[in-house]
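Q: So that we are looking at the same thing, I have put the structure below in structure tokens.
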Amino acid sequence: SAFLRVAPGEVSAAFADVVDSGDKSASYDLFDDLSLNLAKSIVDSRQAVVQTLADNGASATSQAAFDMAPATSVPVSMTTLDSGAIVAVSLTDTESVTPTSADAVIRFGDNAQAKALTGVTESAKGVETTYEFQLFFSVPAQGSTEQIKLLAVRQDLLSVKVIE
């Protein structure tokens, strides 16, 4: 890992910062267009949650918060012939929707997954949904001017839980 542009253990934090900070991230220019498109699609998905709250008249009584962070799993890397590496990392993306008023509740509406995983249809304190992203990147060798390239991605729903 000492010979890579970004150490395997730092790739997930760098990508998470790109998602959360956009082009203001110090890591933004390290990633290729495909990586940046994925980051934008995650941000767009977050904005859709905020817009759904607004469309349902809930933006005055609830708020959404998002946080992407490296998962606890150790990155896996495999050296390539050009002294770079294929690096597999996992990140979690947590979405919290909470009421901003003591009189408000968070209703799950048409969200069948939330209803099935929590066993309820609403929550007085909110709901937290966690997704996991598994990402494979091609990380160039140290000193290279190449960007980190996204090779593959998979997203899974890990959990939906009522905030206690």
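Q: Looking only at residues in region 137-152 that are assigned to a strand (DSSP E or B) and surrounded by fewer than 17 Cβ atoms within 10 Å (Cβ to Cβ), which one is farthest from the chain's Cα centre (by Cα)?
A: The initial filter retains those residues of region 137-152 that are assigned to a strand (DSSP E or B), namely 137-139, 141, 148-152.
Pick out the ones that are also surrounded by fewer than 17 Cβ atoms within 10 Å (Cβ to Cβ) and you get 141, 151-152.
On the way: Ala141: 26, Leu151: 17, Ala152: 15 Å.
Filtering first and then ranking leaves Ala141.
Q: Say we look at region 122-136 and pick out the residues that are of a type in the set (A, V, I, L, M, F, W, C) and in a strand (DSSP E or B); which of these is most open to solvent (accessible area, probe 1.4 Å)?
A: Phe136
Q: When you go through Asp93, Asp67 one by one, which is the residue that is open to solvent by 60 Å² or more (accessible area, probe 1.4 Å), acidic (Asp, Glu) and in contact with a strand residue (DSSP E or B) (Cβ under 7 Å, 6 or more places away or on another chain)?
A: The match here is Asp67.
Q: Give all pairs with beta carbons closer than 6 Å in which a residue from region 98-122 that is touching a residue at least 40 places away in the same chain (Cβ under 8 Å) meets a residue that is assigned to a loop (DSSP other than H, G, I, E, B) and open to solvent by less than 70 Å² (accessible area, probe 1.4 Å); count only pairs at least 6 apart in sequence or on separate chains.
A: Cβ pairs passing all conditions: Thr98/Gly126; Thr100/Thr61; Ser101/Thr61; Ala104/Thr61; Ile106/Gly126; Ala114/Phe108.
Q: Looking only at residues in region 98-125 that are among the basic types (Lys, Arg) and modelled with pLDDT under 85, which one is farthest from Leu53 (Cα to Cα)?
A: The qualifying residue farthest from Leu53 (Cα to Cα) is Lys115.
Q: Please enumerate the residues belonging to region 1-48 that are in contact with a Gly (Cβ under 8 Å, 6 or more places away or on another chain), crowded, with 18+ Cβ neighbours inside 10 Å and under 19 Å from Ala65 (Cα atoms).
A: Once the filter is applied, which keeps residues that are in contact with a Gly (Cβ under 8 Å, 6 or more places away or on another chain), crowded, with 18+ Cβ neighbours inside 10 Å and under 19 Å from Ala65 (Cα atoms), region 1-48 yields only Ala39.
The values are calculated or read from the model by the stated rules, or taken from the named source; none is laboratory data. Nothing here was measured: the structure is a model prediction, and the numbers come from that model. Backbone-built Cβ (ideal geometry, glycine too); neighbour counts: all protein chains shown. Ligands, DNA and RNA are excluded from the accessible area calculation, which covers all protein heavy atoms including side chains. Shrake-Rupley method; radii C 1.70, N 1.55, O 1.52, S 1.80 Å.
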